[in-house]
Amino acid sequence: MSISAYARGSLTGLSACLLLVCSACATRTPTAAATGAPQVGGAPLPVLRREDVLWLERVTFGLDSTTVADYQRLGRERFLAAQLHAVDRPLPAPIAATIAAMEVTHIDSQATLADVAARNKALGALPEGADRELARKTLGDHGNELAYEAIRRDLLRAVYSESQLQEQMIWFWLNHFSVYQHKANVRWVIGDYEERAIRPHALGSFKDLVLATLEHPAMLQYLDNQQNAAGHVNENYARELMELHTLGVGGGYSQGDVQQLALVLTGVGINTGEPPRLKPELRPLYRRHGAFEFNPARHDFSAKILFGVPVRGQGFAEVENAVALIVAQPTCARFIARELATYFVSDNPPPALVARMARTFQQSNGDIAAVLHTLFTAREFDASLGGKFKDPMRFVVSSVRFAYDGRAISNVKPMLNWLNSLGEAPYGRQTPDGYPMTELNWASSGQLSRRFEIARAIGSGNAGLFDAEQGTTAGAAGFPQLSNRLYFEAVEPFLLAKTRDALGRANSQQEWNTFLLSSPEFSYE
Amino acid sequence: MNRRHLLQALGAAALGGGQIGRLYAAPTSGPRFLLVFLRGGYDSTNLLIPYSSSYYYEARPNIAVPRPDTASSTGALALDADWALAPAVRDTIGALYLQKQAAFVPFVGTEDLTRSHFETQDSIELGQPLSGSRNYRSGFLGRLADTLAGSRPAASIAFTDAMPLAFAGTSTVPNLSLKNVGKPAFDERQARILSDMYGGHHLEGAVTNGLELRHDVAQEFADEMRAANRDAINTKGFELEAERMAMLMRDKYRIGFIDVGGWDTHVGEGAAQGSLPTNLASLGRGLQTFSQTLGSAWQDTVVVVLSEFGRTFRENGNRGTDHGHGTVYWVLGGAIKGGVIAGEQQVVSRATLFQDRDYPVLNDYRGVLGGLFRSLWGMSSAQSAAVFPQRAPVDLKLV
């Protein structure tokens, strides 16, 4: 018998039968009825094979019953098409209602930053003292609250959205175009950054995505380009735009190109107040939407040369041309293909696969969904299944998806605490390179023992996931039942002997949960 | 449960690789080495100030640190006729310098010209020749630990949340941040079950080491935590980490690594005061605490503080500095021949800037570190070559 007596004791009669059937099977050839597979309209759904489970774990943030049923109903090909193209599917009603009630859902950067500026100004006018301190604290708390709402919304979508691949891609791009919430006023606008710069383009055109991040006040503040002006050049963003966002280091640009691109980017900044007074000849070149502003009076109009191509001084059109030039470089296609393959396929993605993805990138003008289609249908992808170590985000989200299987949590603070503790705080990467995506960076001895501690926190109680967000009302008590139907359908049949043995030595359901979430099978996908 | 019991409890796993015991083989003698990596490219020009260069004051109209003034006990500290030390570390690192327990190596760095933080940090931590393909599974501290393991065990540790690339290639080196240390989550039986679950898995060593170290450190600091409740003086932040590092290195480890972030000062870095001086002051206090906590062990300890590159010699448009090239390393230790500015040097002027932008590299970091290691451990040429292939050690006569 391979499952602990404790887990067996916690099962319902039906599941217990199923357990007996399964664990008695030497090979995986039970009938659908015997596995208890969900049935639609009376027709049995196909039995999950190990490669189906691993495939699903990789394409999504982890298994839950809805995703599994979707996959069984649609088959792999149609499931993938839906994930790539049918985005923004409706969320479960309680989650949708929670998000609709958030302040961050109803504001934009322009209004927010204008409000912050006004309140800061009013603050400055107050005499030193308790009132001023209170106003300062109120303002700071509001900014923190907005940042928290943005993170809360991200995590709820990651756990509950049926558009699982879209949510993974949003995480991927937020990490690729990483911003740090604790710099300048970035925390006020990360919700808008995710919603308006990243989300609309996550499976769309890469060039549009680059331009959307380039114009967003979160990025403009984070990498200092709002301060980049003719005569006061700051090359921080210009460098990272090429090194981290598009071409990769060694992607064929020189220090000279960095300096030239910095000049191209002069005048690209933020304005939440009155437009500047401009000379008549400059007025047609002025651009503004939302908090983004291109101010030609701050632009360096000298002639530039980028990658050997002359760029005539002409204002913001230079920026658009430069971005078009950059994303059309073969090195850009290769760099983005490799980044995607590192996240979705392997820490060392097969060069042939990267080359095919890069070709798709170039042939489709940087169509992200097309590149991902090449990736997910590649034989190299199938061959890689089960070998990718989950980064903390994948670990935490897949744990909650698995443990609560669609049941709506009311408080994401425990999830945020777990991510912080595992070293992958959302919008918390101080450096612009984003979090690493490889096992080498997440599976050191210190990180593994920390992960087991988090596994224990998840497995031993509800950890406050069902508490009210505001106040101290305790929600439902108890711990998750990980030995659920999903477990017997998609996890138990494929457990390794050593894991079965460990589970069998558990003294309680909580301990059993802890071991399962700590197991190699749950750490890899 | 004491450490011996835990070791016994984990014994089954340890037997497999025969590596676990080595971790805890407390060395009885031999040098200690701590590498402090300042991530972000700290502005070394405002740490070791080239005050005899008028061009320094021209190039940094808003952020130059004022010339040292012998009448002042709070300004920059003149180290010689050309160089002065930032006021922010005057009382800490400056004091060590005056006791000949600190030295600086200017114009040091890598051949890496990408001026990318991440690329250059990687090249330094790997410590491999730039020509040829990189092996991301072989960092220079890992090679150092392995090289020394042959004759004298060199117990190593990274005081970081993630394993730094510098230790890549050694499966036996544990990592643990000392920012927060608390009770371990698992008892002996649970730790054994978790280790067993990974038996034969490639993560087995890391799983077992992690559980063991967590337990060990909690025990090490149990006294500290008890004392902290009564002690009115409460060290915080990097100082507290440095104090804990010193306790572990005094008793258990010979090679340590820590990184400190927050040095990428593109905007408003400050001159004598401001964000950079605040960071430097905290670092200086931490290293002073480290030296004091080590006690007599400070005599056989060497600390090197380094960063991926220096910054632009001129201030940028935002009273900050952008990515540069050559930088300044610090060498500290109770018995070093300090109180000097070491290595190849040149006059600081506009004409001598590299690419009219930043400091040149006159001292290759692999040669400098290799020289220190050779003197510290009395390494053979073969051992030196194993740590830094294709780069001969350079003896700066500091150790």
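Treating only the Cβ of Lys, Arg, Asp and Glu as charged (+1, +1, -1, -1), what charge dipole size does chain B show about its Cα centre? Round to the nearest 20 debye.
Magnitude of the dipole: close to 680 debye.
Pairs of Cα atoms under 8 Å, at least six residues apart: use those to get the relative contact order of chain B, whole percent. Provide the component values of the computation, followed by the final result.
Details: 794 pairs, mean separation 118.2, N = 399.
After rounding, I find 30 percent.
Is there a simple number for the mean count of other chain Cβ atoms within 10 Å of the Cβ of residues in B:209-217, and what is it?
Working: counts 5, 10, 4, 2, 3, 7, 1, 0, 1.
Counting other chains' Cβ atoms within 10 Å and averaging over B:209-217 gives 4.
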Sequence order, segment A:489-497: Karplus ³J(HN,Hα) from phi using 6.51 cos²θ - 1.76 cosθ + 1.60, θ = phi - 60°, Hz rounded, Gly and Pro as x, gives 7, 10, 10, 4, x, 10, 5, 7, 4
Explain nothing, just compute: Karplus ³J(HN,Hα) = 6.51 cos²θ - 1.76 cosθ + 1.60, θ = phi - 60°, for every residue of segment A:218-231 in order, whole Hz, x for Gly and Pro. 5, 6, 4, 7, 4, 9, 6, 5, 4, 9, 7, 9, 3, x
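Hey, how much of the P(r) for segment A:330-384 falls beyond 15 Å, as a percent of Cα pairs?
Numbers: 472 of 1485 pairs.
Percent of Cα pairs beyond 15 Å in segment A:330-384: 32.
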Arrange the following residues from fewest to most other Cβ atoms within 10 Å of their Cβ: B:Met197, B:Met247. B:Met247, B:Met197
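Need the full-extension length gain, A:Arg277 to A:Ala297, defined as separation in residues times 0.36 nm minus the C-alpha distance. One decimal, nm.
Values: separation 20, 0.36 × 20 = 7.20 nm, distance 0.92 nm.
Gain on stretching A:Arg277 to A:Ala297: 6.3 nm.
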Please compute the average number of Cβ atoms from other chains found within 10 Å of each residue's Cβ in peptide A:224-237. 4
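Which GluC sites (Glu not before Pro) does segment A:240-291 hold that lie in a coil by DSSP with at most 16 other beta carbons within 10 Å? Numbers along the way, then the final one.
Values: sites: A:Glu240, A:Glu243, A:Glu281; in loops: A:Glu281.
Passing both the DSSP loop test and the Cβ count: A:Glu281.
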Where q = 0.09, 0.10, 0.12 Å⁻¹, what log10 of I(q)/I(0) comes from the Debye formula for chain B, counting one point per Cα? -0.54, -0.67, -0.94
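Between A:Arg49 and A:Ala497, what FRET efficiency comes out of the Förster formula 1/(1 + (r/R0)^6) with R0 = 22 Å and r the beta carbon distance, rounded to 0.05? Present the calculation step by step, with values, prior to reporting the outcome.
Numbers: r = 20 Å, r/R0 = 0.89.
With R0 = 22 Å, the Cβ-Cβ based efficiency is 0.65.
Label segment A:128-179 by shape, choosing from rounded, prolate and oblate, from the square roots a ≥ b ≥ c of the eigenvalues of the Cα gyration tensor; if a/c is under 1.5 it is rounded, and otherwise prolate applies when a/b is larger than b/c, oblate when it is not. Please list the in-between numbers first.
Details: a/c = 8.55, a/b = 2.78, b/c = 3.07.
Note, shape of segment A:128-179 comes out oblate.
So, R0 is 30 Å and r is the distance between the beta-carbons of B:Leu130 and A:Ala355; what FRET efficiency does that work out to, to 0.05? Display every interim value, and only then the final one.
On the way: r = 26 Å, r/R0 = 0.86.
The pair B:Leu130/A:Ala355 has a calculated efficiency of 0.70.
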If each DSSP helix of 4+ residues adds -39,500 (n - 2.57) and the sum is divided by the residues in chain A, what number results at 222 nm, nearest 500 deg cm²/dmol? -15500 deg cm²/dmol
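Suppose every Lys and Arg Cβ carries +1 and every Asp and Glu Cβ carries -1, with no other charges. What dipole size does segment A:393-487 come out with about its Cα centre, to the nearest 20 debye? Walk me through the numbers on the way to the answer.
Details: 9 positive and 7 negative charges, 38 e Å.
My answer is approximately 180 debye.
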Between rounded, prolate and oblate, where does segment A:418-525 land on the alpha carbon gyration tensor, with a ≥ b ≥ c its root eigenvalues, rounded for a/c under 1.5, else prolate if a/b exceeds b/c? oblate
By the mean-Cβ-within-10 Å protection proxy, highest first, B:127-136, B:287-296 rank as B:287-296, B:127-136
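Please report, in debye to the nearest 20, how large the charge dipole of segment A:330-384 is about its Cα centre when each Lys and Arg carries +1 at its beta carbon and each Asp and Glu carries -1 there. Don't skip to the end; give the middle numbers.
On the way: 5 positive and 5 negative charges, 37 e Å.
Magnitude of the dipole: close to 180 debye.
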Fluctuation leader among B:Pro61, B:Pro106, B:Pro87 - chain B, Gaussian network, Cα springs under 10 angstrom: B:Pro61
Hey, what do the phi angles of segment B:334-346 turn into as Karplus ³J(HN,Hα) couplings, whole Hz, using 6.51/-1.76/1.60 and θ = phi - 60°, x for Gly and Pro? x, 10, 6, 8, x, x, 9, 9, 9, x, 5, 9, 8
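Over chain A, calculate the relative contact order: mean separation of alpha carbon pairs under 8 Å at least 6 apart, over the residue count, as a percent. Please report the intermediate quantities before stating the final value.
Working: 738 pairs, mean separation 93.7, N = 525.
Computed over chain A, the figure is 18 percent.
List the trypsin sites (Lys or Arg not before Pro) within segment A:297-395 that DSSP assigns to loop and that have no more than 16 neighbouring Cβ atoms inside 10 Å.
Numbers: sites: A:Arg298, A:Lys304, A:Arg312, A:Arg334, A:Arg338, A:Arg356, A:Arg359, A:Arg379, A:Lys388, A:Lys390, A:Arg394; in loops: A:Arg312, A:Lys388, A:Lys390.
Here the trypsin sites (Lys or Arg not before Pro) that fit, given the DSSP loop and packing criteria, are A:Arg312.
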At q = 0.10 Å⁻¹, what base-10 log of I(q)/I(0) does the Debye formula yield for the protein assembly as shown when every alpha carbon is treated as an equal point scatterer in vacuo? -1.29
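How do the peptides B:65-73, A:148-156, A:103-111 rank, highest first, by the average count of neighbouring beta carbon atoms within 10 Å per residue? Show your work: numbers first, answer last.
Values: B:65-73: 13.6, A:148-156: 22.3, A:103-111: 16.4.
The densest-packed peptide leads the list: A:148-156, A:103-111, B:65-73.
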Chain B - mean residue ellipticity at 222 nm from DSSP helices (-39,500 (n - 2.57) per run, n ≥ 4, rounded to 500): -10000 deg cm²/dmol
Sorted by chain and number, the residues with a modelled amide H under 5 Å from that of B:Asp259, at a separation of 5 or more or across chains, are B:Phe37
Roughly how crowded by other chains is peptide B:163-169, in terms of the mean Cβ count from those chains within 10 Å of each of its Cβ atoms? 2
Long-range amide H partners of B:Phe107 with built H, under 5 Å: B:Thr327
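Where a number appears in this text, it was derived from the coordinates with a stated rule and is not lab data. If you're wondering where the values come from, they're calculated on a predicted model, not measured in any experiment. Cβ coordinates were reconstructed from backbone atoms using ideal geometry, including for glycine residues, and neighbour counts include every protein chain displayed.
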